[in-house]
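One structure is given below, encoded as structure tokens.
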Amino acid sequence: MTVFKASRISPGNNFFPIHIQINGFGITLNKPGFLSFSEKTIAFANITAIKLHCQFLGYSAITIKGTGYPDIKIGGFSKMEVRRMKQMILANLQKFS
């Protein structure tokens with residue numbers, strides 16, 4: 001299991017940054033809060049596309065498109081991190097194809 005944590009100084013992640021876990025079954029998005037906690041798991045079988053948003057300056061984002069849920073865009077990562085996420089997701093998608 002690999003965990004990616006958004007930068008605290010990126011917009012929307014100042015106090016409680018989002019964590020993305022990639023394991024053998026899918027992707028888990030953890031969004032902590034002050035008095036609440038949100039977690040969403042997406043199976044690799046439901047993922048149809050991955051889109052990267054890499055900027056020259058600033059933080060990069062990843063958009064996960066799939067069946068049964070709206071597109072999910074998560075930002076606050078380095079360019080290298082979103083590329084690694086995409087590689088890991090695509091490698092796991094090939095296992096399930």
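The values are calculated or read from the model by the stated rules, or taken from the named source; none is laboratory data. Everything numeric in this text was worked out from a predicted model, so none of it was measured. Every residue, glycine as well, gets a Cβ built from its backbone with ideal geometry; the counts of neighbours run over all protein chains shown. For accessibility, only protein heavy atoms count, side chains too; no ligands or nucleic acids. Shrake-Rupley method; radii C 1.70, N 1.55, O 1.52, S 1.80 Å.
Whenever a residue of the range 71-93 is small (Gly, Ala, Ser), its partners that are at pLDDT 90 or above and not in a loop (DSSP other than H, G, I, E, B), lying with C-beta atoms within less than 7 angstrom and at least six residues away or across chains, give the pairs GLY75/ALA61; SER78/SER60.
Checking each residue in the range 73-87 for being farther than 17 Å from LYS31 by Cα, open to solvent by 100 Å² or more (accessible area, probe 1.4 Å) and either in a strand (DSSP E or B) or not hydrophobic (A, V, I, L, M, F, W, C) (or both) picks out ARG83, ARG84, GLN87. Taking the criterion of being more than 16 Å from ILE89 (Cα to Cα) and surrounded by 14 or more Cβ atoms within 10 Å (Cβ to Cβ), the only residue of the range 60-72 that qualifies is SER60. Filtering LEU35, LEU57, LEU90 for residues that are among the aliphatic types (A, V, I, L, M), assigned to a helix (DSSP H, G or I) and loosely packed, with under 15 Cβ neighbours inside 10 Å leaves a single hit, LEU90.
Check the range 19-31 and report whether any residue there is among the hydroxyl-bearing types (Ser, Thr, Tyr), without any contact (Cβ under 8 Å) to a residue 60 or more places away in the chain, out of contact with any Asp or Glu (no Cβ under 6 Å at 6 or more places or on another chain) and outside any loop (DSSP other than H, G, I, E, B). Yes. When ASN14, ASN46 are screened for being more than 16 Å from ILE72 (Cα to Cα) and open to solvent by less than 100 Å² (accessible area, probe 1.4 Å), only ASN14 passes.
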